[in-house]
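Notes follow once the structure below has been shown.
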Amino acid sequence: MSVISSSEVTSLLSPVDDFLHCETPQSWIEEAQKEENLRVILTDHLICELKAAQSAMYLLRRYVADEETSKVLLGWLKPYEDFTYRHEGDWQLLNTKHLSKNIFNVEGLDPFKKDMLDKMVMLIKEELHHFYQVLEIMHELGFEYKSVTSSRYANGLLRHVRTYEPEKLVDKLICGAYIEARSCERFAKLAPYVSEGLGKFYVSLLRSEARHFEDYLTLAEQIAKTDISERVAHFGSVEKSLIESDDKELRFHSGVPQSN
């Protein structure tokens with residue numbers, strides 16, 4: 001894992017911090033850095049990487065892929081889902097699977113769908129590579145994979161998505177932007193408090209994922225064809241409330257840890 005300078009971290013985080021409406025509370029950092037909570041944080045991070053890939057895959061299946069390609073995509077992702085949700089399969093074999101744009105019929109796709117295809121395929125590849133890297137780290141630390149319950153965070157955002165198109169897609173893309181941005185902010189927040197190796201891993205994730213939120217916003221602007229600043233601000237306010245309010249369980253995107 002390559003070393004990343006503090007100036008580069010600041011440069012990468014600047015647009016992320018400008019986009020988010022609040023910082024991660026210090027109380028979350030204090031709980032997340034505790035050794036006894038590391039397995040839960042890593043496990044939930046692992047699941048979040050898969051969910052990010054699934055969300056991008058959903059967009060491809062819903063708006064780009066034909067029926068045959070959609071089936072191929074579902075089959076391609078199934079081993080990751082089998083391992084994560086059904087505890088089936090060997091995690092070390094997951095690193096052998098690679099998604100290619102070649103499975104898509106791009107003839108006749110409009111510029112928006114082509115842009116979505118390019119951005120989402122790259123995002124899926126990166127998220128699942130990181131998924132595998134987290135599994136490697138857990139293996140090195142002696143953490144057996146065990147499922148954890150999901151946080152309220154993503155559902156708390158998606159609850160505000162409109163139900164009609166193209167507004168539904170616009171809102172989903174904005175939600176994706178906030179989830180990606182918060183992930184990057186938390187990589188940077190956690191990095192100084194964990195082991196050197198894990199810290200380097202987190203900042204390497206920051207380097208590769210820092211642009212994801214902008215990719216989502218660009219797609220949202222393209223499909224809306226009107227000013228989306230009001231919706232972006234709305235979801236920013238919702239996201240802020242989720243991060244700054246009390247949470248019963250510690251997760252990678254959870255809010256303020258409740259005192260026992």
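Structure above, values below:
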| read-out | value |
| --- | --- |
| Neighbour count of at most 15 Cβ within 10 Å plus DSSP loop: longest GluC sites (Glu not before Pro)-free window in the chain | 145-248 |
| Solvent-accessible area, 1.4 Å probe, carbon plus sulfur percent, for the chain | 49 |
| Two-site FRET efficiency, Leu93 against Ser241, from Cβ-Cβ distance with R₀ of 35 Å, rounded to 0.05 | 0.30 |
| Thr226 - accessible surface, heavy atoms, 1.4 Å probe, Å² rounded to 10 | 90 |
| Amide H partners (placed H, <5 Å) of Val256, local residues excluded | Ser245, Asp246, Asp247 |
| Solvent-free Debye scattering, log10 I(q)/I(0), computed from the Cα coordinates of the chain at q = 0.08 Å⁻¹ | -0.31 |
| Sparsely packed trypsin sites (Lys or Arg not before Pro) within region 107-189, loop by DSSP, other Cβ within 10 Å at most 10 | Lys146, Arg159 |
| Helix-only [θ]222 nm of the chain, DSSP H runs n ≥ 4, -39500 (n - 2.57) each, per residue, nearest 500 | -22000 deg cm²/dmol |
| Per DSSP, loop trypsin sites (Lys or Arg not before Pro) in region 230-260 with at most 16 further Cβ within 10 Å | Lys248 |
| Cleavage-rule hits, trypsin sites (Lys or Arg not before Pro), region 1-91, DSSP coil, Cβ neighbours within 10 Å at most 15 | Lys34 |
| Probe 1.4 Å - accessible area at Ser14, Å² to nearest ten | 50 |
| Selected from Gln92, Gln54, Gln33 as most flexible by GNM, with the chain as the system and alpha-carbon contacts under 10 Å | Gln92 |
| In Å², nearest 10: area of Met122 left accessible to a 1.4 Å probe | 90 |
| Rounded FRET efficiency, nearest 0.05, which uses the C-beta distance separating Glu35 from Leu158 and R0 of 25 Å | 0.15 |
| Inter-site label distance for Lys248 and Glu165 at 7 Å from Cα along Cβ, in nm | 3.7 |
| Candidate lysines - alpha carbon under 27 Å from Lys34, same-chain residues fewer than 8 apart omitted | Lys51, Lys146, Lys189, Lys200, Lys240, Lys248 |
| Cα-centre dipole for region 6-257 with unit charges at Cβ (Lys and Arg positive, Asp and Glu negative), debye to 20 | 480 |
| Å² per residue, accessible surface of region 6-257 at 1.4 Å | 47 |
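The values are calculated or read from the model by the stated rules, or taken from the named source; none is laboratory data. If you're wondering where the values come from, they're calculated on a predicted model, not measured in any experiment. All Cβ positions, glycine included, derive from the backbone under ideal geometry; neighbour counts span all protein chains shown. The accessibility values were calculated without ligands, DNA or RNA, using every heavy atom of the protein model including side chains. Shrake-Rupley method; radii C 1.70, N 1.55, O 1.52, S 1.80 Å.
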